[in-house]
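Structure, as structure tokens:
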Amino acid sequence: SQSVLFSSQGTVTDVKLMKTKDGVFRKFAFIGFQNDDESHKAIGFFNKTFIDSSKIVVEVALPFGDGNLARPWSKYSTGSSANDTNIASVDNKKRKKRQSANESEDSDEDEGFK
């Protein structure tokens, strides 16, 4: 277990494995230590090592919304350029659908006046 593995570098207070709504492990976790010294010791010891055949990155977790966090990259993450492009694409598709529907309504009205 992760708590046993990480406890070699200090007192583990909590472990949270992140999972999807379906219960599938997302390949990252939060490990809490009793104090900052122990957490920094664990970072130095475990960062860029391997658990089985998976390379791990160990770093300090930052609060959500912290200015030091990396910029989001997913098309589903608000604030990412990929998300802005995705939203613009969806808006354009909706606008084209409305225009197409309006044009077909207009052509139906014209046929009635012949």
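Values in this text are rule-based calculations from the coordinates and carry no lab data. Just so you know, these numbers come straight off a predicted model, no measurement behind them. With ideal geometry, Cβ positions are generated from the backbone for all residues, glycine too; neighbour counts draw on all protein chains shown.
GLY10's amide H: which non-local residues (gap 5+, or another chain) put their own amide H closer than 5 Å, with H modeled 1.01 Å from N in plane and none for Pro or chain starts?
none
Can you give the relative contact order of segment 18-83 as a percent, counting alpha carbon pairs under 8 Å and 6+ residues apart? Write down the numbers at each step before the final one.
Details: 50 pairs, mean separation 9.0, N = 66.
Relative contact order here is 14 percent.
Return the equivalent ellipsoid semi-axes of segment 1-99 as a descending list in whole Å, where each equals the square root of 5 times an eigenvalue of the C-alpha gyration tensor. Don't skip to the answer; put the middle values down first.
On the way: eigenvalues 297, 47, 28 Å².
Each semi-axis is √(5λ); the values are 39, 15, 12 Å.
What does the charge count near PHE25 come to, summing +1 for each Lys or Arg and -1 for each Asp or Glu among other residues with Cβ under 12 Å from its Cβ? Don't skip to the answer; put the middle values down first.
Working: positive: LYS16, LYS19, ARG26, LYS27; negative: ASP22.
Here the count lands on +3.
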